[in-house]
Amino acid sequence: MTCRIDQISTEHGLVLTISGQIAMEDLEVVRTALDERRVVAIELSELELVNREAVRLLAQAEAAGIALRSCPAYIREWITNERTSN
């Protein structure tokens, strides 16, 4: 399974639900979805696998004020490590 992105509109803005795996070929699709200015959160409970570039993209999104909801512990740890190494 590759990456699937669903969009849910809420009163506060757009929530992206990302499920499956974010591989290199999916990064541009995720970037395009994040370019939507109304994105306020990314739901990650269904995310199974990411690569380093995907973790960097999620860290950038969070730094820009987008909430990462239900972030798996290993991804959260990886994001934290990426931030401290930069």
message = Accessible area per residue for the stretch 1-63 in Å², computed with a 1.4 Å probe and the full protein assembly in place, what is it?
response = 57 Å²
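What's the FRET efficiency of Asp35 with Arg69 using the Cβ-Cβ distance as r and R₀ = 22 Å, to the nearest 0.05?
E(calc), rounded to 0.05, equals 0.70.
With runs of 4+ DSSP H residues as the only contributors, calculate the mean residue ellipticity of the chain at 222 nm using -39,500 (n - 2.57) per run, divided by the residue total and rounded to the nearest 500.
Working: 3 runs with 33 residues, N = 86.
Result for the chain: -11500 deg cm²/dmol, rounded to the nearest 500.
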note = In this structure, the FRET efficiency calculated for Ser85 and Glu62 from their beta-carbon separation, with R0 = 22 Å, to the nearest 0.05, is 0.90
request  = Summarise the long-distance tail of P(r) for the chain by giving the % of C-alpha pairs beyond 17 Å.
outcome  = 41 percent
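The values are calculated or read from the model by the stated rules, or taken from the named source; none is laboratory data. What you are looking at is a predicted structure, and each value in this text was computed from that prediction instead of being measured. A quick note on method: Cβ atoms are made from the backbone with ideal geometry, for glycine too, and the neighbour counts reach across all protein chains shown. Areas reflect the complete protein model, heavy atoms only, side chains present, ligands, DNA and RNA absent. Shrake-Rupley method; radii C 1.70, N 1.55, O 1.52, S 1.80 Å.
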